[in-house]
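The values are calculated or read from the model by the stated rules, or taken from the named source; none is laboratory data. These numbers were taken from a predicted model, which means no experiment stands behind them. All Cβ positions, glycine included, derive from the backbone under ideal geometry; neighbour counts span all protein chains shown. Protein only, heavy atoms only, side chains kept; ligands, DNA and RNA dropped before computing areas. Shrake-Rupley method; radii C 1.70, N 1.55, O 1.52, S 1.80 Å.
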Amino acid sequence: MRSSLKIPALAVAGVLALSTLTACADDASTSSGSGKPAGKVEGESVKIMVGGLDKVIYMPAMLTQQLGFFRDEGINVELLTEPAGVQAETALVSGQVQGAVGFYDHTLDLQTKGKSVESVVQFSHAPGEVEIVSNKAEDITSPKDFKGKHVGITGIGSSTDFLSQYLGVKNGVDSSDFTRVAVGAGPTFIAALQKGSIQAGMTTDPTVAQILDKKLGRVLVDMRTPAGSQEAFGGPYPSSSLYMQSSWVDSHKESVQKLVNAFVKTLKWMSTHSPEEIAAKMPADYAAGNQKLYTESVKSTLPMFTTDGVMPANGPETVERVLKAFNPNIKNAKIDLAKTYTTEFAKNAH
């Protein structure tokens, strides 16, 4: 879907210090889905930065490791985590990691900055995000009421930042008319909502399930299903994906195919197992002491995932249209969508 143009990784400001990363190596003490013992395999080692390993929208990353599918493919994968997708992007373009699990829309944004990055396997056809409103903010009944408000996002330049701006613009509120506040996800997002430092915000499960359970907020816009994506954006919005620098993909096709094989196996496994079975495979601490609530968050988010890892038809066009609505860099740029993703590996997955 793209040319083989190679653009080298460029260093960026604010390179993330490795000491701040939480590493989850593929030799974790879990057995594989095929019953093979855990342990390193003889094969290439790949580091993947995830924009929040415990977020349900990025569940395929840790689940693939838990099921042993990386090991079955003969590739050593080290999963690293940062709280926002934009930080995963930074780690990738700095050359700190070989892959990033984050939103596909970063590939378009990066192209305008002269970086050739592409999605090699698409986990989803909906954002999986939810716009939550504090129960104290009774005057917010739609995104048109964002004006003058503080709206929470994971980080500036993140996909929650992009989508929050789009929801505002779509409802007649310019990006400069409300304040976007970087509050991360999980406990930091919940604390910001409780303290009133944000009146609304965009987040994912399991944070959504926890907020609703604590009766701290209500759902304003639900983008966890294809229908929700259609209503909010007028089409499929491919989000969670594994994206990599095109130069690395071109020079490591065998390794990329192994990675995509493993992820597609996981997506198919997810489509044939219950939320209870899926939740039970994830690390126990992801449930934060409430397995039932965590299972509900998995159930609510499952509709966003693809079953084959292939980019959904018209998905890239929807993403481009959404970004052009508020992002001046993309609005005035000619994006070559064919260079932002490839279906080669997902279609060849076995």
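Results, tabulated for the structure shown:
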| read-out | value |
| --- | --- |
| Kyte-Doolittle at least -0.5, axis length at least 20 Å by Cα - qualifying DSSP helices, the chain | 253-271 |
| Charge dipole magnitude, Cβ of K and R +1, D and E -1 - the chain, Cα centre, debye nearest 20 | 360 debye |
| Within the chain, longest stretch free of exposed GluC sites (Glu not before Pro) [DSSP loop, at most 15 other beta carbons within 10 Å] | 139-350 |
| Within straight-line cross-link reach of LYS347, aspartates and glutamates at Cα separation under 12 Å, skipping those fewer than 8 residues along the same chain | ASP308 |
| Two-decimal log10 I(q)/I(0) for segment 139-211, as the Debye equation yields it once each C-alpha is a single scatterer, q = 0.12, 0.13, 0.19 Å⁻¹ | -0.27, -0.32, -0.69 |
| Sparse-neighbour loop sites [trypsin sites (Lys or Arg not before Pro); segment 149-251; at most 10 other C-beta within 10 Å; DSSP] | LYS215 |
| Estimated dipole of segment 54-184 in Debye, rounded to 20 [Cβ of Lys and Arg +1, of Asp and Glu -1, Cα centre] | 200 debye |
| Residue (of LEU108, GLN66, VAL97) at the positive-pole extreme of segment 57-134, dipole from beta-carbon charges | VAL97 |
| Entries in LYS258/LYS292; LYS136/LYS268; LYS149/LYS214; LYS268/LYS292 that, when Cα-Cα distance is taken, lie over 32 Å | LYS258/LYS292; LYS136/LYS268 |
| Share of carbon and sulfur in the accessible heavy-atom surface of the chain [1.4 Å probe, %] | 52 percent |
| Whole-Å distance, taken between Cα centres, linking segment 307-350 and segment 211-262 | 12 Å |
| Leading residue at positive end of dipole, segment 33-177 (Cβ point charges), from ALA84, SER158, HIS125 | ALA84 |
| Per residue accessible area in Å² of the chain, where ligands, DNA and RNA are left out and the probe is 1.4 Å | 38 Å² |
| Paired Rg and Dmax values of the chain, which use every Cα atom, in angstrom | 19.0, 59 |
| Distance violations [Cα-Cα > 21 Å] among LYS47/LYS265; LYS55/LYS170; LYS113/LYS147; LYS115/LYS324 | LYS55/LYS170; LYS113/LYS147 |
| Given charges at beta-carbon only (K, R positive; D, E negative), |dipole| of segment 54-99 in Debye | 40 debye |
| Local electrostatic count, THR301, Cβ distance below 13 Å [Lys/Arg +1, Asp/Glu -1] | -2 |
